[in-house]
Amino acid sequence: MGAENRLSRERVAQIIAQDIAPGSYVNLGLGIPTLVARYLDPTKEIVLHSENGILGLRDLEPGQPQDQDLINASKGYVQMVTGTSISDQSLSFAMMRGGHLDATVLGAFQVSSSGDIASWSTGDDGVPGIGGAMDLVAGARRVIVAMEHTTRKGEPRLLDACTFPLTGKGVVSTVYTDMAILDVERERGFVVRALARGISREALQAASGARLAFAPTVETLD
């Protein structure tokens, strides 16, 4: 299985954007999740939340001037849209902790078959801090993970049990990777419902550190 069969980061973000329900309030984390904002259908009226106090934001259009006071979680410049609200950080975190977000999309280092997520530390000094991730996974109604299926060394990120410090236990509902889409079910663990074209079930299993189950119908992703 070659890397050419895997989906690009942009394609993973586009698929997630298509799957978010209309009218949802959503927080986007670092990495691939940040890209999701580029592909949201404006007719679905999805409202993006940022823990630094912006409710209702969009990416800048090419050539649009940058406002030093308007950034997202990745410190990328964003714009306000009609109806945007600005709050202090404490109120923004209260939205997260109080269960007011329909979904959060986060990157991760590891996800376990029971839905645990490790997203903030590998034990190395160079890894960023926790940020608002613990609040997000505890308060959002749905936790979506977007990540590469394996590390740069080819090691699996989907495991029976996480070996890195946990961000949250039993919280992940769906994982989108460059190889597949997997739901996390209580009884069966990782259940594959879509595979990137050209990637076999056997190759996906070999790239995973936990046993996979497969839905009755598995979609092909291009």
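Read-outs: derived from the displayed coordinates by stated rules, not from any lab. Every value quoted in this text rests on a predicted model; they were computed, and no experiment measured them. We place every Cβ from the backbone using ideal geometry, glycine too, and count neighbours over all the protein chains shown.
Give me MET80, MET95 sorted ascending by neighbouring Cβ count inside 10 Å, so fewest comes first.
MET80, MET95
With charges set only on the Cβ (+1 for Lys and Arg, -1 for Asp and Glu), what does the dipole of the stretch 3-221 come to about its Cα centre, in debye to the nearest 20?
That gives a dipole near 480 debye.
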Query raised in the report: Fewest to most neighbouring Cβ within 10 Å: what's the order for LEU101, LEU30, LEU106?
Result: LEU30, LEU101, LEU106
**Report entry** Residue exposure sequence - HIS149, HIS49, HIS100 - by fewest surrounding Cβ within 10 Å
**Finding:** HIS100, HIS149, HIS49
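Note down the magnitude of the dipole of the stretch 97-149 about its Cα centre, charges +1 on Lys and Arg C-beta and -1 on Asp and Glu C-beta and zero elsewhere, to the nearest 20 debye.
300 debye
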Query raised in the report: Rounded to the nearest 0.05, what FRET efficiency do GLN79 and THR43 have when you use their Cβ-Cβ distance and R0 = 25 Å?
Result: 0.85
Query raised in the report: Assuming R0 = 25 Å, what is the FRET efficiency of GLN89 and THR122, from their Cβ-Cβ distance, to the nearest 0.05?
Result: 0.40
Query raised in the report: ASP69 to ARG152: extension gain in nm, 0.36 nm per residue of separation minus the Cα-Cα distance?
Result: 26.4 nm
Query - For the chain, built as a Gaussian network whose Cα springs stay under 10 Å, the top-fluctuating residue of ASP69, ASP178, ASP102 - result: ASP69
Requested in this report: Mind pulling the angle between the C-alpha long axis of helix 9-19 and the longest principal axis of the chain? Nearest 10 degrees, somewhere in 0 to 90.
Outcome: 80 degrees
Query raised in the report: Counting only DSSP beta bridges with both residues in the stretch 3-221, what percent are antiparallel, rounded to the nearest 5?
Result: 50 percent
Query - Mean Cβ count within 10 Å, highest first, over the residues of peptides 7-18, 55-66 - result: 7-18, 55-66
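I'd like the antiparallel share, as a percent to the nearest 5, of DSSP beta bridges with both residues in the stretch 168-222.
On the way: 9 of 15 bridges.
Roughly 60 percent of the beta bridges in the stretch 168-222 run antiparallel, per DSSP.
Would you mind telling me the antiparallel percentage of the DSSP bridges in the stretch 1-101, rounded to 5?
Values: 8 of 11 bridges.
Of those bridges, close to 75 percent are antiparallel.
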Report task. Would you please state which residues of the stretch 151-178 a label at SER8 would reach in this model, taking the label point 7 Å out along Cα→Cβ and a backbone N cut-off of under 16 Å? Result -> 178
